1. Can we say Ile114 is in a helix (DSSP H, G or I), of a type in the set (A, V, I, L, M, F, W, C), modelled with pLDDT under 90 and surrounded by 17 or more Cβ atoms within 10 Å (Cβ to Cβ)?
2. Which of the helices (runs of 4 or more DSSP H) contained wholly in region 36-101 include at least 2 residues that are modelled with pLDDT under 90?
3. Go over the candidates Leu295, Leu279 one by one and state the one that is over 27 Å from Leu244 (Cβ atoms) and part of a helix (DSSP H, G or I).
4. Restricting to region 160-196, what's the tally of residues that are small (Gly, Ala, Ser), closer than 30 Å to Ala109 by Cβ and either modelled with pLDDT of 90 or more or touching a strand residue (DSSP E or B) at 6+ places or on another chain (Cβ under 8 Å) (or both)?
5. Taking the options Gly313, Gly317, Gly302, name whichever one is surrounded by fewer than 23 Cβ atoms within 10 Å (Cβ to Cβ), modelled with pLDDT under 95 and on the phi > 0 side of the Ramachandran plot.
6. Six or more apart or on different chains, Cβ under 8 Å: which pairs go from a residue in region 266-285 that's of a type in the set (Lys, Arg) to one that's surrounded by 12 or more Cβ atoms within 10 Å (Cβ to Cβ)? Could you list them?
7. Just one of the numbered conditions (1) part of a helix (DSSP H, G or I); (2) over 22 Å from Gly75 (Cα atoms) is not true of Ser236; which one?
8. Can you find, within region 155-175, the residue that is surrounded by the fewest Cβ atoms within 10 Å (Cβ to Cβ) among those that are touching a residue at least 12 places away in the same chain (Cβ under 8 Å) and of a type in the set (A, V, I, L, M)?
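The values are calculated or read from the model by the stated rules, or taken from the named source; none is laboratory data. All figures in this text were calculated on a predicted structure; none of them were measured in a lab. We place every Cβ from the backbone using ideal geometry, glycine too, and count neighbours over all the protein chains shown.
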Amino acid sequence: MSGSPIETGAAGHAAPRPAANIHRFPALDGIRGLSAIAILIFHAGILTHFNVLNPLGAATARLSVGVPVFFGLSGFLLYRPFVVWRRSAGAKIDLRRFYRRRMLRILPAYWIVIAVVIVIPGIVNQNAALAPLRSDDLWRYALFLQVYDTHSAAFGLGQAWTLCVEVSFYALLPLLAWLATRARRVGWEICGLAVLAVLSFAVRMVSHASGDILPSVWLAGTFAWLAAGMLLAVLSVEAQRGQLRSAPLLPCWGLASVVFAACALGGLPRDVSAPYNGLQFAGEHLGYTVFTFLLLAPLVVGTTPARVTRILGSAVGRWLGRTSYGIYLWHLIVLFFLLANGASGWWTANPMVLVTALCIVGSVVLGTVSYLVIERPALRLEARRSRPEVPRPPIASPAAAPELAVSD
């Protein structure tokens, strides 16, 4: 894009990066890890029938809210550098590095999971849902295209539909950031995000009304969750510039608790196969969007209370955050394995507790291996490639603009 500070590559030597972009949000590591565990508990509740049969299932059935929180985190962390860029005169964002980093972050670990499912016959035999990974649909899963086909969308690695949305978001994000440069004021940018979120909600409702549920799991049907994070990115930068006060922790989390309780006790279906009426479908989507915004706001807009940062940004929180992608990729396979080997009968008094505990242990172990052996080496490979060369004498040209790194 001619004249735009979004560039396709870094030319010359790397220049210092503006302080606004290296602002850290350590509490988000803990939130990311807890979201992965929440999704794990949600799926354990489905497969052990806890969500339907136990009174507490009203709460565990709503832990699917971990998915919108994941999307909110992505919207915030990936859009914020673009917002910073617009506040930093002359800054550039290296899109080649951005896409290299995103692909190295998700592809190797994801492909390894698919390969393991294919190579180890017992894993597929334990659950028919995994069988399509050995079928003609394999290429769809490998390229994040399974959600665009009715058959492949319903099988395989069920949780991977969210990765299809993420990849679509990566492709669209630079265009959204460029369009935001046309907004002369922050208010116009916020209005633009709100309009896109409303359109996404409309796509979701039309999808439900038509009986074709697939568009509701595309980017067009889930963008409101990403928009919540993108809005927080805008507000975060404004707060850092002193234009906004910090988001208050207790009121935000108090309201988030009320929203979660309303979703849990509002009569929403607990069984994933149960049909939603239009009001339930809309209520859950809006409730999850509001919950995501309220949960994350005190952690990114202004100053986060030190006690919260110490807890969520502790060594355990940081590690769960780093391994959350691996936990997310492996947890359903661990669940299938446990249930296929009779784990639900090992403690008949409460199989949900035992199965969930074992799944957490197994998923954290596999997530740790994934991070140490696959994900971190892949990201270090990208970091070595992006390492700045020895500065060369400047030539007669405008001063090099700083380059913004796009965070995880």
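1. In short, yes.
2. 66-87
3. Just one listed residue meets the conditions, Leu279.
4. 3
5. Gly302
6. Once the first residue is of a type in the set (Lys, Arg) and sits in region 266-285, its partners that are surrounded by 12 or more Cβ atoms within 10 Å (Cβ to Cβ) give Arg270/Asn51; Arg270/Val52; Arg270/Gly57; Arg270/Ala58; Arg270/Ala61.
7. Among (1) part of a helix (DSSP H, G or I); (2) over 22 Å from Gly75 (Cα atoms), the lone unmet condition for Ser236 is (2).
8. The extreme case among them is Leu172.
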